[in-house]
Amino acid sequence: MRIGLAAARALGLAWKVPVLGYPPLALVAAMARERHPGPVTVCMSGGHGEWFVQHFAADGTAERPLVSLAPEDAVAYGAHTVIAGSQAKANAALQQGRTALELLPDARKFAVLPASLLDSDLTPIY
């Protein structure tokens, strides 16, 4: 990830163009909203057995900051009715009445992201 970001920044400097990125969890949320309009919780595999979790509103904006939590703490953190991401099925299995969408970020779906989520502050999450 760091090498890819460094290469993109170098090309941006050489070509004198801005380099913008987007949060991958926001992309997963946007992909989920294509199937189930409304708010969505994204739950993805993180490091050291933890899960990255973030809640998104129906308009695609983040409702809470991204957190990295142990699975039991991620469940306690709560979830919308729709949970998307690589750990959606595991998260939904621990809660009542949830719909799980096993999705991974797909750059081909970039166009479904709200433009307001494009950002020049590109930092990998570990």
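A short reminder: the numbers here are calculations on the coordinates, not readings from a lab. This structure is a prediction, so every number in the text was calculated from the model and none was measured. Glycine gets a Cβ as well: all are built from the backbone with ideal geometry, and neighbour counts include every protein chain shown.
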message: Can you bin every Cα-Cα distance in segment 17-67 into 5 Å intervals starting at zero and give me the percent of pairs per bin, rounded to whole numbers?
response: 5, 21, 28, 20, 13, 8, 4, 0
task: Would you mind working out the magnitude of the charge dipole of the chain relative to its Cα centre, with +1 at each Lys and Arg C-beta and -1 at each Asp and Glu C-beta, to the nearest 20 Debye?
output: 360
statement: The percentage of Cα-Cα pairs in segment 45-126 separated by more than 16 Å is 57
query: Within segment 1-123, what percent of beta bridges assigned by DSSP are antiparallel, to the nearest 5?
result: 70
- line: In a Gaussian network model of the chain with springs linking alpha carbons closer than 10 Å, the residue among GLY21, GLY49, GLY78 that fluctuates most is GLY49
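222 nm [θ] for the chain, helices only, -39500 (n - 2.57) per DSSP H run of 4+, per residue, to 500? List each step's numbers first, then the result.
Numbers: 4 runs with 38 residues, N = 126.
Roughly -8500 deg cm²/dmol at 222 nm, from the helical runs in the chain.
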message: Take the chain, mark every one of the GluC sites (Glu not before Pro) that falls in a DSSP loop and has at most 13 other Cβ within 10 Å, then report the longest stretch left between them, sites excluded.
response: 1-62
- prompt: Under Stokes-Einstein, with the Kirkwood radius over Cα pairs standing in for Rh, what whole-number D in µm²/s applies to segment 1-95 at 25 °C and 0.890 mPa s?
  reply: 171
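Which trypsin sites (Lys or Arg not before Pro) in segment 1-50 sit in a loop by DSSP (not H, G, I, E or B) and have at most 14 other Cβ atoms within 10 Å of their own Cβ?
Here the trypsin sites (Lys or Arg not before Pro) that fit, given the DSSP loop and packing criteria, are LYS16.
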message: Can you give me the distance in nm between label points at ILE3 and ALA93, each placed 7 Å from the Cα along the Cα-to-Cβ direction?
response: 3.4
- prompt: When the Karplus curve 6.51 cos²θ - 1.76 cosθ + 1.60 is applied with θ = phi - 60°, which whole-Hz ³J(HN,Hα) does each residue of segment 80-90 get, with x for Gly and Pro?
  reply: 6, 4, 9, 10, 10, x, 5, 10, 4, 5, 5
field: Residue-by-residue Karplus 3J(HN,Hα) for segment 27-35, coefficients 6.51, -1.76, 1.60, Hz, glycine and proline x
entry: 5, 4, 4, 5, 5, 5, 5, 5, 8
